[in-house]
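**Q** This is the structure I want to talk about, given as structure tokens.
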Amino acid sequence: MKLISQLAKEVGIPIATIRFYEKKGLIRSETKKEVITNNYAYYGDDAVDKLRFIQMAKAVGFTLSEIKEVIDAWHEKQWTTKAQLDVLNLKLKQIDEKMSELRAMKKQIQQCKLNILDRELDD
């Protein structure tokens, strides 16, 4: 069991972020029942694993609400391989759609630039 400062150091995530994730229900802490002089929260190895999962999932584009939906089942290996692949395939589809939107926006900006240059040449 680790204190939040130890956990933050191990995973390289600020304490405030860990507390935020805990408030959002992504990770859990425990208090030691035998210790009544403080209200320290302790985190198990599962918190380390979950925080690393959160970092990885965020890095590839998952939102915290998407992560919250899957983290426990994924971490505890309750999902079938097919269910895991379905989640990843859905994210890939969303990325492809976003890329299409961005390409369309890029074309519009390029057209605006051409229009400005054409106007300047006409003046």
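The values are calculated or read from the model by the stated rules, or taken from the named source; none is laboratory data. No experiment lies behind these values; they were computed from the predicted model shown. So basically every Cβ, Gly included, is an ideal-geometry build from the backbone, and we count neighbours across all protein chains shown. Accessible surface areas use protein heavy atoms only, side chains included; no ligands, DNA or RNA. Shrake-Rupley method; radii C 1.70, N 1.55, O 1.52, S 1.80 Å.
**Q** Percent of Cα-Cα pairs per 10 Å bin, from 0 to the last occupied bin, for the chain, please list those.
**A** 11, 30, 21, 15, 11, 8, 3, 1, 0
**Q** Accessible area per residue, 1.4 Å probe, Å², for region 4-123: what's the number?
**A** Values: 9090 Å² over 120 residues.
I get 76 Å² per residue for region 4-123.
**Q** Here's a follow-up. Compare Leu92, Leu26, Leu51 in a GNM of the chain, Cα atoms joined below 10 Å, and give the one with the largest fluctuation.
**A** Evaluated over the chain, the most mobile residue of the options is Leu92.
**Q** What percentage of the solvent-accessible surface of the chain, computed with a 1.4 Å probe over protein heavy atoms, is contributed by carbon and sulfur atoms? Can you show the working numbers first?
**A** Working: 5150 of 9300 Å².
Carbon and sulfur: 55 percent of the exposed surface of the chain.
**Q** Now a separate question. Tell me which residues come under 5 Å, amide H to amide H, from Tyr42 once H is placed; ignore anything under 5 positions away on its chain.
**A** Glu30, Thr31
**Q** Okay, helix-only estimate at 222 nm for the chain: each DSSP H run of n ≥ 4 adds -39500 (n - 2.57), divide by all residues, round to 500 deg cm²/dmol; what do you get? Provide the component values of the computation, followed by the final result.
**A** Working: 5 runs with 86 residues, N = 123.
Calculated from helices alone, the mean residue ellipticity at 222 nm is -23500 deg cm²/dmol.
**Q** Run the dipole for the chain about the Cα centre, Lys and Arg Cβ at +1, Asp and Glu Cβ at -1, nothing else charged, and hand back the magnitude in debye, nearest 20.
**A** On the way: 22 positive and 19 negative charges, 61 e Å.
Dipole magnitude for the chain comes out near 300 debye.
**Q** Still on this model: Determine, from the Cβ-Cβ distance of Thr63 and Lys113 and an R0 of 30 Å, the FRET efficiency 1/(1 + (r/R0)^6), rounded to the nearest 0.05.
**A** Values: r = 33 Å, r/R0 = 1.09.
According to the calculation, E is roughly 0.35.
**Q** Would you mind computing, in nm to one decimal, how far apart the modelled labels at Leu102 and Tyr42 are, each placed 7 Å from Cα along Cα→Cβ?
**A** It is 4.5 nm.
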